[in-house]
Amino acid sequence: MKPVLSPLFLSFVLCFLHCFNVWPEKVLTATEITVRSVKIKDKVWPEVHAKALIKADPLTSVAIFAAYDYQKNYIPKLIKSEVSSEKVTKTSNATEVSYSMDMPWPLDDSEYIHGHKLEKVESGYKVRWYMVKSNVAQDVRGHALFETHPQNPNYTLLTYVSLISPNSFFAGIFKKVMVSDLIKSIEAIRDTTEELLEKNPQLIKKYQDKIKVVLEGKPAYLR
């Protein structure tokens, strides 16, 4: 006789999976981006978690992500990206980048400076960012993790987490626009990395070398 799972037991299992966030990981395709929004108390915009695959190794992937002076060439709506400060030692690094981004009406164009910290982790690389100055946000923080895909070493698994606290009254209206723009940015990171790997290996090497130099404790972007 086959055991029968009662509705009460099934409800308990579903509650456990939901409360402890242990749902099985979705298998990504090469072109798919998964997005999950997490509501944060007293925040207008949610914390956004996204995952994507990049057909490149983690060093190549993080190199193009952290190609700060090149980001304006591929990130949608980004007008300016210039390294303004770099503090690097053997034990820490902080690279500040000045940005300008086109924003939807009636919001002003975004002028901001973000700091970035690069680290080598066991499975790849991590870049953390934080707000230094901004005319449109109260706070910004996030990170991007670039890991060798556990099932397919030909791909990098990108895990992207972002939390933006806008200071505009209109920002709540543009919550969906923010998530859409974030997805487009991740698509641009993936597509640009894969395209440059095929068409411009010299540029790839240039930014790979910068990653290596920073992790050696030396400045790389303002030399």
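The values are calculated or read from the model by the stated rules, or taken from the named source; none is laboratory data. Every value quoted in this text rests on a predicted model; they were computed, and no experiment measured them. Glycine gets a Cβ as well: all are built from the backbone with ideal geometry, and neighbour counts include every protein chain shown.
Which of the following residues is hydrophobic (A, V, I, L, M, F, W, C), outside any helix (DSSP H, G or I), at pLDDT 95 or above and in contact with a helix residue (DSSP H, G or I) (Cβ under 6 Å, 6 or more places away or on another chain): A63, A50?
A50
Of all residues in segment 132-177, how many are at pLDDT 85 or above, over 19 Å from S98 (Cα atoms) and not in a strand (DSSP E or B)?
7
Would you please list the contacts, defined by Cβ atoms under 9 Å and residues six or more apart or on different chains, that run from a residue in segment 100-114 that is assigned to a loop (DSSP other than H, G, I, E, B) to a residue that is modelled with pLDDT of 95 or more and small (G, A, S)?
D109/S100
State which residue pairs qualify: first residue in contact (Cβ under 8 Å) with a residue 24 or more places away in the chain and inside segment 64-77, second residue in a loop (DSSP other than H, G, I, E, B) in any location, beta carbons under 8 Å apart, and separation of 6 or more residues or different chains.
Short answer, once both residue conditions are applied: I64/Y70; Y68/Y221; D69/Y221; K77/D102; K77/M103.
Whether any residue in segment 135-148 is surrounded by fewer than 18 Cβ atoms within 10 Å (Cβ to Cβ), free of Cβ contacts under 8 Å to residues at least 24 places away in the same chain and either under 28 Å from K218 (Cα atoms) or not aromatic (F, W, Y) (or both) is what I want to check.
Yes: segment 135-148 contains one or more residues that are surrounded by fewer than 18 Cβ atoms within 10 Å (Cβ to Cβ), free of Cβ contacts under 8 Å to residues at least 24 places away in the same chain and either under 28 Å from K218 (Cα atoms) or not aromatic (F, W, Y) (or both).
For segment 183-203, state whether one or more residues are part of a strand (DSSP E or B) and free of Cβ contacts under 8 Å to residues at least 60 places away in the same chain.
No - not one qualifying residue is present in segment 183-203.
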